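One structure is given here, and the rest of the page talks about it.
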Amino acid sequence: MTEATSGSWPAGGTPGDGSARTVTLTDLLRVPLHRARLVAGAAALGLLAALGYLMLVPPQVTASAVVAVRPVVTDAFTPSGAAADRAVNMNVESGIATGTEVVQRLADSVGGDPRDIRAALEVEVPTGGQILRFVYQAPDADRAVQAVNLAAQAYLDVRRAMYEKQRAEMLRSYDESIAKVVAQQGAVQRRANSARGTAAADAAVAELAGINNQLTQLNAARTEIAAVDVNPGWVTQTAERALASSAGHRPLFAIAGLLGGALLGVVLAYAWESVDRRVRSVRDARDATGLPMLGTVRRQRFRGRRRAVDADVRYVAMAIAERVRQPARVALLAAREDPTALTASLAVALSAEGREVYVADDHGRVERLRDAVLADRGRLPAVADAARSIVPKPRAAGTPVVTGPAAESGAARRPSPHPPAARPSTDPDATLTLPRVGSAPAARNGRLIGADEVTVGIGSVRFGSWHQGADHGLVLYNAPPAESDERGVAIARQGTAVVVVERDRTRQGDLRRLVERLRAAGVSPLGFVLTRSGWG
């Protein structure tokens, strides 16, 4: 899939054409990875919720019993049909098994609230079978086994009582019908005995024969009803303590809580990222600013402390030095972040090559800059410092170039331990002049070193306010956050600017607003430097 992004701004400030950027799986995973604290916090909350539930809710033990349901028919050997469900309605049987009468009998036997017993009792009906599986959950195994066996037996008792009641009603109905037919039979018999004519006697005999047949049928039907087996079924599997198991697999609750919290954290991470976009890569910084990249400054761990990679800082310093000519005024600007660490590192990298760098700050961070410069100077390679110390200074304009034997002899001659104006006299009575040892400032390469100056390589770094550095050739201004102080943009109008972008910290909206302010003020920034947040 592709994501439409706004094109980069060219140097003139006109947005470029839109382009399509492919969103990869790494881009999708980058958001929860950068919001790892949020995801971890949500996962921890989910795990704590699951553990709290397990601690507050007592463990449950599950016991089960199986009952085979038998259809009650007048002829037990008559086939019940192709499908078992046609013989017995299992939905009705399940309703009876969890009905009020069964629950009440169970409550009277084991004790407890019928509502709790109804919630703990569950009846499962396999599809296409005449089986009821009773499942009961209780805090201990003994109670679960006792309750589920009693529930199965209570269902059979209730169902048998229902069948017996139905049979008794049918037998009572047959008995009433038989009693009426017997009374009618007696009346016909008396009439036949008192008949005087042949025709009356024959009619009475015929009527008596029909009544006898009816009575025979009623007695046969009553015999069949009385012989019906009203047993509704039997328990095929009783619950035992050894077969009871822990209900719900409690460890799964903790895993479910952890995974559910992590999933919620990922959703919250995407929601937060949608309203709080941060710079995550060089592409994001380039799309937000439309400026060329001067370099990236990575971060490394050294004895438990995070600091910038020195080589990256030197590459950025070379990129800046290539784009500026002295006198230069370079303001290091960030939206909301503090560029002090990068300013000090760049000052050390530039002065190590022989430049006189003036670091200006009007926000009360001069001491922090000095400490950072001293720390970075201590990490300069000693071999490189020694090599730079013997490099001759550039030849001034108009100085003749010495060639020939004089140049060769000069190159091969050993340096004299005495200055040219202080050669020892051959007069034994001559006065020896010693140099004065006092509070005069030290000299380096023929230049005096002030008290507020730090020597780095063959160059130096000085500190002070912006107005004090007006006569210096290369000034780095450690600008305050542009979102709260406009002095950085105002000073960048007198020179140029370098936009400092901290990865995973600088908001894209703030960065766009900073670049718009620079362009509106007539400043053409050199580019941007992508750093890693939290170093220095």
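Here, each number is a calculation from the coordinates, and none is a lab measurement. Quick caveat: nothing in here was measured; it's all calculated off a predicted structure. In this analysis, Cβ positions are derived from the backbone assuming ideal geometry, glycine residues included, and neighbour counts consider all displayed protein chains.
For segment 108-170, rounded, prolate or oblate, judged on the Cα gyration tensor with a ≥ b ≥ c (square roots of eigenvalues), a/c < 1.5 rounded, else prolate if a/b > b/c?
Taking the square roots of the gyration eigenvalues as a ≥ b ≥ c, segment 108-170 is oblate.
Compute log10 of I(q)/I(0) for segment 450-535 with the Debye formula, placing one identical point scatterer on every Cα and leaving out solvent, at q = 0.23 Å⁻¹, to two decimals.
-1.19
What nm distance separates the two modelled labels at Arg325 and Ala36, each placed 7 Å from Cα along Cα→Cβ?
Label-label distance for Arg325 and Ala36, simple model: 4.8 nm.
Work out how much length Thr127 to Gln104 would gain on full extension: take 0.36 nm times their residue separation and subtract the Cα-Cα distance, in nm to one decimal.
5.5 nm
Once you list every other residue whose beta carbon is under 13 Å from the beta carbon of Pro59, what net charge do they have if Lys and Arg are +1 and Asp and Glu are -1? All intermediate terms of the calculation are to be shown ahead of the outcome.
Numbers: positive: Arg143, Arg250; negative: Asp140.
My count for the surroundings of Pro59 gives +1.
Please identify every one of the trypsin sites (Lys or Arg not before Pro) in segment 236-333 that sits in a loop by DSSP and has no more than 12 other beta carbons within 10 Å of its own beta carbon.
Those that pass, being in a loop and sparsely packed, are Arg303, Arg325.
Going 7 Å from the Cα of Arg160 along its beta-carbon direction, which residues of segment 236-273 have the amide nitrogen within less than 19 Å of the resulting point?
236-239
Take the Cα gyration tensor of segment 85-216, multiply each eigenvalue by 5, square-root it, and list the three semi-axes largest first, rounded to whole angstrom.
The answer is 57, 16, 8 Å, longest axis first.
If you project the alpha carbons of segment 312-366 onto their three principal axes, what span does each projection cover, largest first, in Å?
That works out to 28, 21, 18 Å along the principal axes.
Enumerate by residue number the GluC sites (Glu not before Pro) in segment 191-269 meeting two conditions: DSSP loop (anything except H, G, I, E, B), and at most 16 other Cβ atoms within 10 Å of the site's Cβ.
Answer by residue number: Glu240.
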